[in-house]
Amino acid sequence: MKTDLIFPEGNEQELIEMASALGYEQLVFVYDAPEKVKILPAGKIKLLYGVLVAEPTGNKLTRKIDQIKGKKFLALVQAGEEEFNRFVMEKTAADIIFNLEYVYKKDHLHYRKSGLDEIICRIAAKREKTIAFSFSALLETEKKALVMGRMMQNLRFCRKFKVKTFMGSFTADKEAMRSPFDLQKLARVLGVDGETAKKIIIL
């Protein structure tokens, strides 16, 4: 199903209407705590629910993710330093990790510091994690060329090691939501072939 991922702020119905107009079949509503998740009646678009986990590396992070999974919600984590990302991939039940391209301020002189490498990708593939890419974060950054270069590298890593990928709006504003066509077009600009671009919006 064509899917978008968004962070509602009490505007769930508006986001559903926009998603329908844009041609989506499924939405993932992500909240910052399990108790804030608002389960809505079934409607024209299938709804999934997720929780963004913000905890440092350790048992507290693992337990919180396990609690979220126990409620049948998706567990999302925003990328951090390399050690943190590896812990999330290897030691937790998190479903999605995103914004890897923003971890490092500068690239190394001889290579891009994109947040992914062969080791992390092998772990992600084995543990069936999804690496996600945010359209809204790209629009907001002042370093678009740098971030797009890192996205290109990370998408190549993911294809090489067969890591699941997803691209979504990642916004709370209905006007900032992008259509599946827009996201596929961005994926093509980032070097993804046509058939893979069609799948990158399916979660």
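Structure values in brief
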| item | result |
| --- | --- |
| Stretch in the chain that is longest and holds no trypsin sites (Lys or Arg not before Pro) that DSSP places in a loop and that have at most 14 other beta carbons within 10 Å | 163-203 |
| Dipole magnitude (debye, nearest 20) for the range 43-133, charges at Cβ of Lys, Arg, Asp, Glu | 440 debye |
| Alpha-carbon radius of gyration plus Dmax, which is the widest Cα pair, for the range 135-203 in Å | 11.8, 35 |
| Computed magnitude of the charge dipole of the range 56-95 (debye, nearest 20; Cβ of K, R +1, Cβ of D, E -1) | 360 debye |
| Computed label-point distance, nm, for sites residue 13 and residue 86 using a 7 Å Cα→Cβ extension | 5.0 nm |
| Estimated distance in nm for a label pair at residue 59 and residue 122, the labels positioned 7 Å out from Cα along Cα-to-Cβ | 3.0 nm |
| Cα-centre dipole for the range 10-49 with unit charges at Cβ (Lys and Arg positive, Asp and Glu negative), debye to 20 | 120 debye |
| Solvent-accessible area, 1.4 Å probe, carbon plus sulfur percent, for the range 119-203 | 53 percent |
| Those GluC sites (Glu not before Pro) in the range 137-203 that DSSP places in a loop and that have at most 10 other beta carbons within 10 Å | 142 |
| Long-range HN-HN contacts of residue 48 with modeled amide H, under 5 Å | 27, 28, 29 |
| Contour excess over end-to-end distance, with Cα ends at residue 145 and residue 93 and 0.36 nm allotted per residue | 15.5 nm |
| Solvent-accessible area per residue for the chain (1.4 angstrom probe, square angstrom) | 52 Å² |
| Residue 156 paired with residue 181, simple spin-label distance in nm, labels 7 Å along Cα-to-beta-carbon | 3.0 nm |
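The values are calculated or read from the model by the stated rules, or taken from the named source; none is laboratory data. Since this is a predicted model, take the numbers as computed values, not measurements. Don't worry about glycine lacking a Cβ; one is built from the backbone with ideal geometry, like all the others, and counts go over all protein chains shown. We work out accessible area using only protein heavy atoms, side chains counted, and drop any ligands, DNA or RNA first. Shrake-Rupley method; radii C 1.70, N 1.55, O 1.52, S 1.80 Å.
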